[in-house]
Amino acid sequence: MKVLFLQRQDCDRIAMKVFLELEQHLKSSSGASVVAIDNKIEQAMDLVKSHLMYAVREEVEVLKEQIKELIEKNSQLEQENTLLKTLASPEQLAQFQAQLQTGSPPSSSQPQGTTQPTAQPASQGSGPSA
C-alpha cells in the first residue's frame with residue numbers, strides 16, 4: 001500500500017510539472033508549440049498510465065497472496081472444525097446448537113466445564129485409533 005501511495009505522489013508531481021509546463025507554453029504559444037504541447041501531454045499521460053498499471057499489478061500480487069493465505073487458513077479451520085465435531089459428544093453439540101440459537105457466546109460456557117472433561121477422553125479415544 002505504501003508503494004501505491006508513493007507512486008500516486010510521483011504521478012501527481014509529474015502531472016503538476018506537465019500542467020505548469022503547459023501553462024508556460026500556452027502563454028507563449030504558436031502553431032508549432034501546440035503540437036509540442038500535445039506530444040508532451042501524451043507522453044505524460046503514458047507515463048502516468050504506466051505508473052498506475054505498475055502500482056495496480058503490485059497491489060494485485062499482494063491481494064493474490066492474501067487470498068492464498070486466507071484460503072489456506074480457511075481450509076485449516078474447516079479441518080479443525082470437522083475434527084472437533086467428531087470428538088464432541090452429542091450433549092456438547094446440542095448445547096452448542098442451543099447457544100447458537102439463543103445468541104449467547106459459545107466460548108463463555110464451554111471452557112468452564114463441558115470442554116475440559118470431554119477433551120481428555122476424546123484425546124485418549126483418538127490416540128489408539130490413529
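The values are calculated or read from the model by the stated rules, or taken from the named source; none is laboratory data. All of these numbers come straight from a predicted model, not from anything done at the bench. Here the Cβ is made from the backbone with ideal geometry for all residues, glycine too, and neighbour counts use every protein chain on show. Accessible surface is based on the protein model in full, side chains and every heavy atom, while ligands, DNA and RNA are left aside. Shrake-Rupley method; radii C 1.70, N 1.55, O 1.52, S 1.80 Å.
Observations on the structure shown:
- Residue 116 modelled with pLDDT under 60 and open to solvent by 90 Å² or more (accessible area, probe 1.4 Å): yes
- Residue within region 32-48 that is open to solvent by 100 Å² or more (accessible area, probe 1.4 Å), under 16 Å from the mean Cα position of the chain (by Cα) and modelled with pLDDT of 90 or more present: no
- Region 2-12 - residue that is at pLDDT 70 or above and within 12 Å of residue 47 (Cα to Cα) and, of those, least open to solvent (accessible area, probe 1.4 Å): 11
- Taken over region 73-101, the criterion of being of a type in the set (A, V, I, L, M, F, W, C) and either outside any helix (DSSP H, G or I) or exposed (fewer than 10 other Cβ atoms within 10 Å of the Cβ) (or both) is satisfied by 88 alone.
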